[in-house]
Amino acid sequence: MARMSAEERRESVIRAATTEFARGGYYGTSTEAIAKRVGVSQPYLFRLFPGKKALFLEVAKRCVDDTIRTFEEAVEGLEGEEALHAMANAYTKLIADSPERLLMQMQMYVAVGAAEQAGDHELGEEVRAGWMRLWDTVHLPLGADTGETTTFLAYGMLINCLVAMGFPPEHRVWEGLYPEARLKGRLEK
């Protein structure tokens, strides 16, 4: 078996950290658990990332980047309502197929709130910058309409909450969402 390159090892650490942070959050996840999951020592982990916060921020950035890429691919050549429905469909597929991404998003917001309360503003600054990149990504395809962008992102956050709480796709809470945003059949695995 060939040895992993440093970049491959770094990627495996990011994947492992995504899973661990998604489950336990920033404060409830140890670097020891991440190192164990990926099969490296903690000192090696700290050669790749200077600390837990740097690793969490990299995972958070990756989570946002993946969502942005999902939206960009979905709207290629589309505008307005067609773009809205394409992004909604792509996003619901993303979180249905990769629930750890949804949980990581939720953990990002919790970590920022807790860090801000403790006087640590670095997490918040980074996560808010990612949110603004996400905002900008959906804003133009929706006609650069602030109301449309706000509504779209609000629906996304509602979907995040409903899925995270485990509401089944046939539950009445999904009835008010546009059809592409419903998870009917997507969570049944």
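Just checking, which of 61, 36, 52 is in contact (Cβ under 8 Å) with a residue 40 or more places away in the chain and open to solvent by 40 Å² or more (accessible area, probe 1.4 Å)?
Exactly one residue qualifies, and that residue is 61.
Counting only residues that are among the charged types (D, E, K, R) and either over 21 Å from residue 62 (Cβ atoms) or open to solvent by less than 20 Å² (accessible area, probe 1.4 Å) (or both), how many does segment 119-166 have?
2
Across segment 1-23, what is the number of residues that are without any contact (Cβ under 8 Å) to a residue 40 or more places away in the chain and either open to solvent by less than 30 Å² (accessible area, probe 1.4 Å) or not polar (S, T, N, Q) (or both)?
Residues that pass the stated criteria total 13.
Report, by residue number, each residue of segment 170-179 that is buried (at least 16 other Cβ atoms within 10 Å of the Cβ) and part of a loop (DSSP other than H, G, I, E, B).
177, the sole residue that qualifies.
Confirm whether residue 115 is farther than 15 Å from residue 157 by Cβ, buried (at least 18 other Cβ atoms within 10 Å of the Cβ) and modelled with pLDDT of 90 or more.
It is true that residue 115 is farther than 15 Å from residue 157 by Cβ, buried (at least 18 other Cβ atoms within 10 Å of the Cβ) and modelled with pLDDT of 90 or more.
How about segment 69-100: which of its residues are among the small types (Gly, Ala, Ser), in contact (Cβ under 8 Å) with a residue 60 or more places away in the chain and surrounded by fewer than 15 Cβ atoms within 10 Å (Cβ to Cβ)?
Listed by number, the list holds a single entry, 80.
Regarding segment 115-125, can at least one residue be identified that is closer than 23 Å to residue 150 by Cα and without any contact (Cβ under 8 Å) to a residue 12 or more places away in the chain?
There is at least one residue in segment 115-125 that is closer than 23 Å to residue 150 by Cα and without any contact (Cβ under 8 Å) to a residue 12 or more places away in the chain.
Quick test for you: out of 79, 73, 58, pick the one residue that is acidic (Asp, Glu) and at pLDDT below 90.
Result of the check over 79, 73, 58: 79.
Considering every residue within segment 38-45, establish whether at least one is within 18 Å of the chain's Cα centre (by Cα) and at negative phi.
Looking through segment 38-45, none of the residues is within 18 Å of the chain's Cα centre (by Cα) and at negative phi.
The values are calculated or read from the model by the stated rules, or taken from the named source; none is laboratory data. Every value quoted in this text rests on a predicted model; they were computed, and no experiment measured them. Positions of Cβ are backbone-derived with ideal geometry, glycine not excepted, and every protein chain shown enters the neighbour counts. Ligands, DNA and RNA are stripped out before the accessible areas are found, and what is left, the full protein with its side chains, is counted by its heavy atoms. Shrake-Rupley method; radii C 1.70, N 1.55, O 1.52, S 1.80 Å.
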